[in-house]
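We did not get these values from a lab; they are worked out from the coordinates using the rules stated. These figures come from a predicted structure and were not determined experimentally. Positions of Cβ are generated from backbone atoms using ideal geometry, with glycine treated the same way; all protein chains shown enter the neighbour counts.
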Amino acid sequence: MAFVVFSNHGTLVALAAAPSATVFSVPAGQASRLACDSAVGCTQPDRPASELSLPAGLTQCPDSGLYAACASNVPAGASAGDPSVPESQAPCPDVAGKALLATPAACSDALLANGSQGTASSSPSPISPSVPVSSLGTRWASEKLDLKVDASSLRSGDKALLTATATVSVTSTNAAIEIFDQTSGTLVGACAQQSQCVVAYTSQAGLHTFRAFITQPTTRIPAAQDVPVASNSVYVSWLGVTLASDSPAVGAGHPITFTARSTIDIASSGHVLQIYDDTAKKMLTYCTRGTTCSTSYEMTNGASHSIVAYLSGTPDARSALVRATWLSLALNASTVGAAGETYLKATTNTDLSTTPWSVAIYDAHGSQVAMCKTGYICTGSSNVANAPFTAAVGLAEEPNLAGQLGSVVDSANTSVPLTNIQLRSSAVEPARIIWGVDSCKAMTADVGGEHNLYANTSGHLGAPDFWGRYLTDTICPGISSAEVAMAHGLAMGILPIYNDYDCSAVAGYDTGHSYGVAATDAAAGLGIPAGRAVAVDIEPPGPACPGAGSVDSSFIQGWYDAVTGAHYAPAYYGNGTDGSEFATAWCAAVSPDGGRPEIAAQSFLWSFEPSFINAGAKGSSPGFAAYSPGCAGNTVAWQYLIDTGPTQDVDLDEFLTSMPLWYP
């Protein structure tokens, strides 16, 4: 673990990385973005994809990270902790004549050597003495008492071991060794005999000061100047951090305010309170003082991130992860089905039932077609003549009614207005079914110039509206400039496919990400414009691809991040059957709990199931009936027949026009 140390009012403060990343901070007050070292994998805030700002009404915390507001809220009195007998030790027995309050402590005959006592506190206790020094006699004047603790910083709820050792035994005297929590004013442990008193002490929060005395048995803290034997003071911080947000979900471009709370005031504590984006693996900001640290964070695109707060240098003093979602909204409209009807589906990247928001679908006249409060998919239908359609997310004026409606509102009788709109979709026209093919071979003449696959396919099966071809040379040739020119002349769409890898190697984020980088580099080299779909070929497990059954959610997420990072639209060719290896991995990848729901809303699925042995070509193809994975996802493409045979040697497909094909 690496640290950067800077001076903070005379205290050395180390900014430590949160687990799984190394994050560096700049000296307090430097007017620049948080710095980091790219050599250790730290990333700068991805602006303008994400933005930090001060929460409304709050001011910048001095000597802290940018856009951090701090406050102190230290209670007037600290709560007493819980003392206990140290593990594997026996309680020190009471002695007749010493009226000790029953306290859990262990004692032994270990002696403190003269001259080894720690430095006593110079500030007297504000609490009046309970026992006059004269009652103890003068025999203690030359004795010493030392107090030690095994840890100065502990996680909230952990035990500190306090050990008070004297140069003399208190056995057969009118005195006892007593240890007090001066912060809460309570007796921690008392030993009526022997020379060493040990107690384990647990607290949930705060900085506590402890001191030991040789005194007549009492439950009140003696004043140091009124007893002959007082120990040095020791300090223990019980560190705990919590994190809260002001909203679980907002529209993209809206801020969410995160507030971290520490159990101690961190000023001069040697710690820094940090807020960290665990999804993006970057520190957002930090505070060097106070008990709270707040910042507002927004994403300009739909995303779900996990945020955590922690104290630097103390890996265990961290909050639970807080999930935050910046909403995305995708609207699909298609005329698949009954003539004249448009089927509408609005997809968000989170289950709206856990948020204040609802989603509604509207037609071109502003009439509400559907209204939903639960789930992340809202469906409805309308007449084709009412196109184009839009969707919006906002507050329902009658949220109870919205919840009861669940999915579809009868727009003729009921409409629930939305206010505080968080985001709107673009207007969409109903998607149509288009017919096409994909092939390993080039659509133009082959190497020998004897076979033009496009002409053969068009003459026997029908003229394709689109063609799926591979991006790079593998066992199949990559798409050529001649093919691109042909597609341009025919106004035919192209779906670029990437399969330049071992078809069994489809597991792991880094693997999926590296494929996405290679694919989008190839797409850019061909001049494919941003926003067009690039599909990854995920074959079923079998003799040719025995490891394909290990496809996992991380691979899917890696491909998505690389393709969207290059500003293309991610597409996936796989077995869309609910319960298949691919469908299981897909559903885990887009799961609202722990997954990346935005992937479902912003990607495209190309299912090769069901696959027919005999099926019609263009003009007699089956109705669009691609299998969907059983969870959220835009299944917009279907390969309904694999390999028409040696004559044409193409696969047959149906796409919805919502698939963002490349039209050269």
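Assorted remarks:
- Rounded to 0.05, the FRET efficiency of the Ser367 and Ala244 pair, given R0 = 45 Å and the Cβ-Cβ distance, is 0.70.
- Residue order, fewest to most beta carbons within 10 Å, for Glu51, Glu298: Glu51, Glu298
- Vicinal HN-Hα couplings computed from phi for the range 419-429 (Karplus, 6.51 cos²θ - 1.76 cosθ + 1.60; Hz; Gly/Pro x): 10, 6, 4, 8, 6, 10, 7, 6, 6, 10, 8
- In plain terms, the bigger the Kirkwood radius, the slower the diffusion; for the range 526-664, with that radius from Cα pairs, at 37 °C and 0.692 mPa s, Stokes-Einstein puts D at 209 µm²/s.
- Cα convex hull volume per residue for the range 278-381 (Å³): 143
- Within the straight-line cut-off of under 24 Å between alpha carbons, the lysines reachable from Lys345 are Lys373, sequence neighbours fewer than 8 places apart in one chain being disregarded.
- Rough spin-label spacing in nm, given labels placed 7 Å along Cα→Cβ, for Asp316 and Thr209: 2.6
- Dimensionless Rg over Rh [the range 433-656; C-alpha; Kirkwood]: 0.95
- Dimensions in Å of the range 302-354 - Rg and Dmax from alpha carbons: 19.9, 66
- Under 5 Å from the amide H of His254 lie the amide H atoms of Met299, each residue being 5 or more positions distant or on a separate chain, with H modelled from the backbone and absent for Pro and chain starts.
- Averaging 1/r over every pair of different alpha carbons in the range 166-259 and inverting the result gives a Kirkwood radius of 16.1 Å.
- Karplus-derived 3J(HN,Hα), 6.51/-1.76/1.60, for each residue of the range 651-660, Hz, glycine and proline x: 9, 9, 9, 10, 10, 8, 5, 6, 5, x
- Considering all C-alpha pairs of the range 417-557, those separated by over 26 Å amount to 39%.
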